[in-house]
Amino acid sequence: MVSCVYRSVVFPLLRQLDAEVAHDLTARGMSLAQALPPGRAILRALAGTLPDRPVRFCGVDFPNPIGVAAGFDKEVRVAAGMGLLGFGHVEVGTLTPRPQPGNPKPRVFRLPGDGAVINRMGFPNPGIDAVLGRLAALSAQPNRRFRIGVSLGKQKETPLAEAAGDYRQVMAKAWGHADYLAVNISSPNTPGLRELQGGRYLGELLRELREANDELSVRNAHRSRPPLLVKIAPDLSDAELDEILANALDARVDGMIATNTTLSREGISDPRGSETGGLSGRPLTQRSTAMIARIHKMTEGRLPLIAVGGVFTADDVRAKLDAGAQLVQIYTGLIYEGPGMAGRILRSL
């Protein structure tokens, strides 16, 4: 009943609002709901019955393979609520060493006819120090089953040659509270960021971050070392992807997230498709699945994979798991399918 009311009344109203305003209102509502027993009951009702489908990924146990991609919970405010909705993990952030406002608004655009969204957010976040208390409380939550990933970013103004310092700062502060760490080098909305995927920077960057992760593990021997993952773009040639994979394997990163948003506008019919930024949603479904399959084949399955991009249905999840992923993340699908999405997919798998 609660799910039907949300899908027939609340969700259509949210769709009439500016995309970023609707997201902020949703986040505020969820933050309130997760803090109160009646609200938590509503979130559980929206999720429905949640079958167990445990997954072991990079040595970490996840209750199921369905997660929330970075960008939904930028300020570590609603991850607990997403867990109540049935998601097996939530990747918070992307977080940077210092606060930054991101790009000018408007910067998020729905393309409903294409089942897509374009965003040019630019890592808006309050900085790692501002969220540490919430992150610590979240990670210490009693009986928490869902896992927490932390997406690491660099400041917009930091030169690429100094980017490792930014990533290390966020890593060091988030380290004891993250079940895994994700190095975001693939957002198209921070000038020059995707250049970090190239051989000029990537090998040194990944080695430095892996060594930093190992050093933190030695200094905090009472805690488990969080896996270090790298998130890549879908707009890569075979040669570029081969170079990235060689660097990832050489640096001994633990896994990979594929993919971020795309700069391609292939197949887009909505006139808002001309907006600049990264495209997500249905147009990315096949592209991201193909990327997972390429990585799995090129590494002979040596790199554990999280798939993200254009996930709306259980069939989309199955396709990505069959292509070689162990976990699958959702973001744009939530905008169009609503908060009961994780439960519906899990019951269909």
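Can you tell me which residue is surrounded by the most Cβ atoms within 10 Å (Cβ to Cβ) among those in region 207-253 that are among the basic types (Lys, Arg), touching a residue at least 24 places away in the same chain (Cβ under 8 Å) and under 17 Å from Ser151 (Cα atoms)?
Lys231
Taking region 78-119, which residues are part of a loop (DSSP other than H, G, I, E, B), small (Gly, Ala, Ser) and buried (at least 24 other Cβ atoms within 10 Å of the Cβ)?
Those that are part of a loop (DSSP other than H, G, I, E, B), small (Gly, Ala, Ser) and buried (at least 24 other Cβ atoms within 10 Å of the Cβ): Gly86, Gly88.
Taking the condition of a type in the set (A, V, I, L, M), within 24 Å of Arg219 (Cβ to Cβ) and not in a strand (DSSP E or B), does Leu138 pass?
Yes: the conditions hold for Leu138.
Could you tell me which of the residues Ala130, Ala136 is surrounded by fewer than 24 Cβ atoms within 10 Å (Cβ to Cβ), out of contact with any His (no Cβ under 6 Å at 6 or more places or on another chain) and of a type in the set (A, V, I, L, M)?
Residue meeting the stated conditions: Ala130.
So, of the residues in region 316-349 that are among the acidic types (Asp, Glu) and out of contact with any Ser or Thr (no Cβ under 8 Å at 6 or more places or on another chain), which turns out to be farthest from Thr299 (Cα to Cα)?
Only one residue fits best here, namely Glu337.
Scan region 306-320 and report the pairs whose first residue is under 18 Å from His89 (Cα atoms) and whose second residue is assigned to a helix (DSSP H, G or I) and basic (Lys, Arg), with Cβ atoms within less than 8 Å and a gap of 6+ or a chain change.
That search, which allows pairs on different chains as well, returns Ala307/Lys320; Gly309/Arg287; Gly310/Arg282; Gly310/Arg287; Val311/Lys320; Phe312/Arg282; Ala314/Arg344.
Take the residues of region 254-296 that are part of a loop (DSSP other than H, G, I, E, B) and among the β-branched types (Val, Ile, Thr): which is surrounded by the fewest Cβ atoms within 10 Å (Cβ to Cβ)? Give the derivation first.
Taking region 254-296 as the starting set, the residues that turn out to be part of a loop (DSSP other than H, G, I, E, B) are 254, 259-261, 263-270, 275-277.
Adding the requirement that they be among the β-branched types (Val, Ile, Thr) leaves 259, 261, 268, 276.
Working: Thr259: 26, Thr261: 30, Ile268: 18, Thr276: 12.
Among those residues, the one meeting the criterion is Thr276.
When residues of region 189-206 are filtered for being surrounded by fewer than 14 Cβ atoms within 10 Å (Cβ to Cβ) and in a loop (DSSP other than H, G, I, E, B), how many remain?
4
Which numbered condition trips up Arg145, out of (1) surrounded by fewer than 17 Cβ atoms within 10 Å (Cβ to Cβ); (2) farther than 29 Å from Met82 by Cβ?
(2)
For region 215-240, which residues satisfy the criterion of being hydrophobic (A, V, I, L, M, F, W, C) and more than 22 Å from Lys154 (Cβ to Cβ)?
Within region 215-240, Val218, Ala221, Ala239 meet the criteria.
Any residue at all in region 163-182 that's without any contact (Cβ under 8 Å) to a residue 40 or more places away in the chain, charged (D, E, K, R) and outside any strand (DSSP E or B)?
No: zero hits.
Could you say which residue among Met291, Met256 is touching a residue at least 12 places away in the same chain (Cβ under 8 Å), farther than 16 Å from Gly115 by Cα, touching a Ser or Thr at 6+ places or on another chain (Cβ under 6 Å) and not β-branched (Val, Ile, Thr)?
Going through Met291, Met256 in turn, just one is touching a residue at least 12 places away in the same chain (Cβ under 8 Å), farther than 16 Å from Gly115 by Cα, touching a Ser or Thr at 6+ places or on another chain (Cβ under 6 Å) and not β-branched (Val, Ile, Thr): Met291.
Out of Val328, Val317, report the one residue that is surrounded by 20 or more Cβ atoms within 10 Å (Cβ to Cβ) and either outside any helix (DSSP H, G or I) or over 19 Å from the mean Cα position of the chain (by Cα) (or both).
Result: Val328 is the single residue among Val328, Val317 that is surrounded by 20 or more Cβ atoms within 10 Å (Cβ to Cβ) and either outside any helix (DSSP H, G or I) or over 19 Å from the mean Cα position of the chain (by Cα) (or both).
No lab work stands behind these numbers, since they all come straight from the coordinates. Here the structure is a predicted model, which means the values were calculated and not measured. Positions of Cβ are backbone-derived with ideal geometry, glycine not excepted, and every protein chain shown enters the neighbour counts.
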